[in-house]
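Participant: One structure is given below, represented as structure tokens, and several questions about it will come after.
Derivation of every value follows stated rules applied to the coordinates shown; laboratory data play no part. Computed from a prediction, not measured in an experiment: that's the story for all the values here. Counting neighbours? That spans all protein chains shown, and the Cβs are built from the backbone with ideal geometry, glycine included.
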Amino acid sequence: MRIIDSAVRFSSDVASHTVDTYRQAMASCSIDHAVIAPGDNCVTVYNEEGNVQTAEIIKTHPDLFSGLAVANPWYGPKAVDILKRAFDGGLRGLYLHPLRQGFRLTEGIIDPLIDVCLAYGRAVYSHTGTPIVCEPFQLAELARRFPDVRFVMGHGAYPDFWYDVSSAMTQSPNLYIETSCQVGVVLQQVLDTVGADRVLFGSGFPRSQPGLEIDKIKRLRLNTENLAKVAAENAKRLWGIKR
Amino acid sequence: MKIIDTHTHLPGWTFESKPRPISDLRREFETEGLVGAWLFTTDGLIRDTAKNNDILVEAVEGHRDFFVPFGTVNPHDGTESALRELERTKFQLGFKGIKFHPWLQAFSMTHPAILPILSRAGELSMPVVFHDGTPPYSSPLQIAAVAEKVPHTTIILGHAGLDDLYRDAILACKRQPNIHLCLCGPSSGYLREILHNCPVDRLLFGSDGGFGADLIAWRIATVRETGADPETLQKIFYENPLTLISKAGVTQ
């Protein structure tokens, strides 16, 4: 089974959170490809540096990795320029972390960055599940305002908003969900409610671990066709991964 | 390895669920590898506290060798009434501990009934489990602020802060020697941080079992994924829960 991991971040501060550690996990878990995003202070402050580092990792391992860009909306026009440069350099989507970056998903401050995504045809991945800034319905609201942009509910809104996830998914057909950290019973509810076409496998590395997360996906009630969609096909289509 | 689960729920009518025969629940838990489980009321956290404490005690009849019942009391009933129900659960129903869910039960930790209830629970050697990790009523440091005032009472953060507040749970655990962490909720990467920073003797396995298939297996795998050594796992999965509840007169 082909596997694309849509939720990976690295850290330079923790020895076990590195590219090499994750590559070992990729090999042992038969993960074919991963979508990586900058971590730590690159998410909040050093966006450009994080995007460049991410692009360098991809350049070194083009078969293994694709990447998402960061741009803190509080930088205003500068953030727009950072994001455009990252997309021009080959990064495939925008990574948001409203908790760390200090804004609510429903605030207009994010609009210029979403407009860039719309213009480039790129998707938006947001960390979700933390009140009061990135709740499922807040992301669904953003998805309603930008119906032509695809949004990903990162970590399946774990832990606090399990009861809102399926309902939010039904609100916005341009809303996807990434599976890491969230418990199987909630993911099964999503699958039973909206089907398998908008569900993406993610390991959540280093917050969670690839082997654990793959086992979880395999225990869901999915036929072979839908398991393939969740494991890789949906991510391939969403992020425009060629390989 | 023997495993005692310190965080399971009796299925009731809450969350569109429905009651299940206790023998089925026990069979499911044993199949997952448990040798014992602390079993909390679920419906009692929403309504009819005393009635649901009675339902719990009836449910575990004949299964006390496996299930350790934890009831609840309602601070909104007032201090005197809540204390009466606490003592009834101890002396008439034989409950071994108390579970609170400040979010579902809609009380703040500064509610005037909480301190006397926790103090009495300590006198009765009843550990107290709190749902935690979700603002505005259930943050680890809100609970720790009260735990500090009842050092003779064993306080368990039932979700070790969950993914959003696990670092506050670490602070609470390190500061307050009467606080234990139930590792039911934080993702495996965060569990590693908890294990690295907290006294291992105050860490407990828990799963939220009873709320859905696969939860117990998922939580066991999550703890194992930390790569903790066998001695540490033995403490978390078995020895610490056993030690804690033995003080309340239970052997498993």
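Participant: How many angstrom lie between the Cα centre of region A:97-155 and the Cα centre of region A:46-67?
Facilitator: 22
Participant: Roughly what % of Cα-Cα distances in region B:4-246 sit above 31 Å, to the whole percent? Display every interim value, and only then the final one.
Facilitator: Numbers: 4317 of 29403 pairs.
Tail fraction, whole percent: 15.
Participant: Report the equivalent ellipsoid semi-axes for region B:77-164 in whole Å, largest first, defined as the square roots of five times the eigenvalues of the gyration tensor built from alpha carbon atoms.
Facilitator: On the way: eigenvalues 88, 35, 30 Å².
Equivalent ellipsoid of region B:77-164: 21, 13, 12 Å, largest first.
Participant: Residue-wise, which Karplus ³J(HN,Hα) couplings in Hz belong to region A:7-14, taking 6.51 cos²θ - 1.76 cosθ + 1.60, θ = phi - 60°, and x for glycine or proline?
Facilitator: 9, 9, 9, 10, 9, 7, 8, 10
Participant: If you take the Cα Rg of region B:1-71 and divide it by 2.2 N^0.38 Å, with N the number of residues, what do you get? Present the calculation step by step, with values, prior to reporting the outcome.
Facilitator: On the way: Rg = 11.7 Å, N = 71, 2.2 N^0.38 = 11.1 Å.
Working it through for region B:1-71, the quotient is 1.05.
Participant: In whole Å, what are the Cα extents of the protein assembly as shown along the three principal axes, biggest one first?
Facilitator: On the principal axes, the protein assembly as shown reaches 71, 42, 40 Å in Cα extent.
Participant: Separate question: Give me the net charge of B:Thr8's neighbourhood, meaning all other residues with Cβ under 13 Å from the Cβ of B:Thr8; Lys, Arg count +1, Asp, Glu -1. Before the final figure, lay out the partial values.
Facilitator: Details: positive: B:Arg20, B:Arg26, B:Lys99, B:Arg219; negative: B:Asp5, B:Glu28, B:Glu30, B:Glu32, B:Asp208.
Value of the local net charge: -1.
Participant: I've got another one for you. In percent, what relative contact order does chain A have, based on Cα pairs under 8 Å that are 6 or more apart in sequence? Walk me through the numbers on the way to the answer.
Facilitator: Details: 491 pairs, mean separation 45.7, N = 243.
Once normalised by length, the contact order is 19 percent.
Participant: Quick check: residue separation of B:Ser108 and B:Val200 times 0.36 nm, minus the Cα distance between them. What number comes out in nm? Don't jump to the answer; show the numbers that get you there.
Facilitator: Working: separation 92, 0.36 × 92 = 33.12 nm, distance 2.90 nm.
Length gained, B:Ser108 through B:Val200: 30.2 nm.
Participant: Spin-label point model (7 Å from Cα, Cβ direction): what's the A:Lys59 to A:Ser11 distance in nm?
Facilitator: Going by the 7 Å Cα→Cβ label model, 2.7 nm.
Participant: So, with +1 on the Cβ of K and R and -1 on the Cβ of D and E, and no other charges, what is the size of the charge dipole of chain A about its Cα centre, to the nearest 20 debye? Working shown, then result.
Facilitator: Details: 25 positive and 26 negative charges, 97 e Å.
Approximately 460 debye in magnitude.
Participant: Tell me, what ³J(HN,Hα) does each residue in region A:121-136 have, in order and in whole Hz, if you take phi through Karplus 6.51 cos²θ - 1.76 cosθ + 1.60 with θ = phi - 60° and put x for Gly and Pro?
Facilitator: x, 9, 8, 10, 9, 10, 4, 9, x, 9, x, 9, 10, 9, 8, x
Participant: Then there's this: Over the Cα atoms, compute the radius of gyration (one decimal) and Dmax (the largest Cα-Cα distance, rounded to a whole number) for region A:149-235, in Å.
Facilitator: 11.6, 32
Participant: Using a basic spin-label model with each label point 7 Å from the Cα along Cα→Cβ, how many nm lie between B:Glu148 and B:Glu58?
Facilitator: Taking the two extended label points, one gets 4.4 nm.
Participant: Restrict the search to region A:1-91; then list the trypsin sites (Lys or Arg not before Pro) that DSSP places in a loop and that have at most 14 other Cβ atoms within 10 Å of their Cβ. Write down the numbers at each step before the final one.
Facilitator: Details: sites: A:Arg2, A:Arg9, A:Arg23, A:Lys59, A:Lys78, A:Lys84, A:Arg85; in loops: A:Arg2.
Here the trypsin sites (Lys or Arg not before Pro) that fit, given the DSSP loop and packing criteria, are A:Arg2.
Participant: To continue, here is another question. Just in region B:1-98: which GluC sites (Glu not before Pro) are loop by DSSP and have at most 11 other Cβ atoms within 10 Å? Please list the in-between numbers first.
Facilitator: Numbers: sites: B:Glu16, B:Glu28, B:Glu30, B:Glu32, B:Glu58, B:Glu61, B:Glu80, B:Glu85, B:Glu87; in loops: B:Glu32, B:Glu61.
Sparse-neighbourhood loop GluC sites (Glu not before Pro): B:Glu61.
Participant: Determine the shielding of peptide B:209-220 by partner chains: average, over its residues, the number of Cβ atoms on other chains within 10 angstrom of each Cβ.
Facilitator: On the way: counts 0, 0, 3, 6, 4, 7, 3, 0, 4, 7, 1, 0.
What the average comes to for B:209-220 is 3.
Participant: Give the relative contact order (percent, whole number) for region B:4-246; include only Cα pairs under 8 Å separated by 6+ residues. List each step's numbers first, then the result.
Facilitator: On the way: 464 pairs, mean separation 42.8, N = 243.
Reported relative contact order: 18 percent.
Participant: Taking H placed 1.01 Å from N in the peptide plane, check which residues at least 5 places from A:Ala69 or on another chain put their amide H under 5 Å from its amide H.
Facilitator: Result for A:Ala69 returns A:Arg92, A:Gly93, A:Leu94, A:Tyr95.
Participant: Provide a whole-number value for the mean count of partner chain Cβ atoms within 10 Å of the Cβ atoms in peptide A:151-164.
Facilitator: Mean shielding count: 2.
Participant: Please give the net charge around B:Ser207, taking every other residue with its beta carbon less than 12 angstrom from that of B:Ser207, where Lys and Arg add +1 and Asp and Glu add -1. Please list the in-between numbers first.
Facilitator: Values: positive: B:Arg219; negative: B:Asp5, B:Glu28, B:Glu32, B:Asp208, B:Asp214.
Cβ neighbours under 12 Å give a net charge of -4.
Participant: Shifting gears a bit: Within chain B, how many Lys pairs that are eight or more residues apart, or on different chains, come under 26 Å at the alpha-carbon?
Facilitator: 26
Participant: Rounded to a whole number of µm²/s, how large is the Stokes-Einstein D of region B:38-132 at 20 °C and 1.002 mPa s, given Rh as the Kirkwood radius over C-alpha pairs? Please list the in-between numbers first.
Facilitator: Numbers: Rh = 13.0 Å.
Approximately 165 µm²/s, per Stokes-Einstein.
Participant: Applying 1/(1 + (r/R0)^6) with R0 = 45 Å to the Cβ-Cβ distance of A:Asp111 and B:Lys2, what FRET efficiency is obtained, to the nearest 0.05?
Facilitator: Working: r = 55 Å, r/R0 = 1.23.
Efficiency, from the Cβ-Cβ distance: 0.20.
Participant: Between region B:172-224 and region B:128-166, what's the alpha-carbon centroid distance in Å?
Facilitator: Cα centres, region B:172-224 to region B:128-166: 13 Å.
Participant: Over all directions, how big on average is the projection of the convex hull of the alpha-carbon atoms in chain A, in square nanometres? Please list the in-between numbers first.
Facilitator: Working: hull surface 44.6 nm².
That works out to 11.2 nm², a quarter of the Cα hull's surface.
Participant: While we're looking at this one, here's another question. Whole-Hz ³J(HN,Hα) for each residue in region A:156-162, computed from phi via Karplus 6.51 cos²θ - 1.76 cosθ + 1.60 with θ = phi - 60°, x for glycine and proline: what do you get?
Facilitator: x, 6, 5, x, 7, 10, 4
Participant: Something else about it: Between B:Ser119 and B:Ser246, with labels modelled 7 Å along Cα→Cβ, what's the label distance in nm to one decimal, could you check?
Facilitator: 3.1
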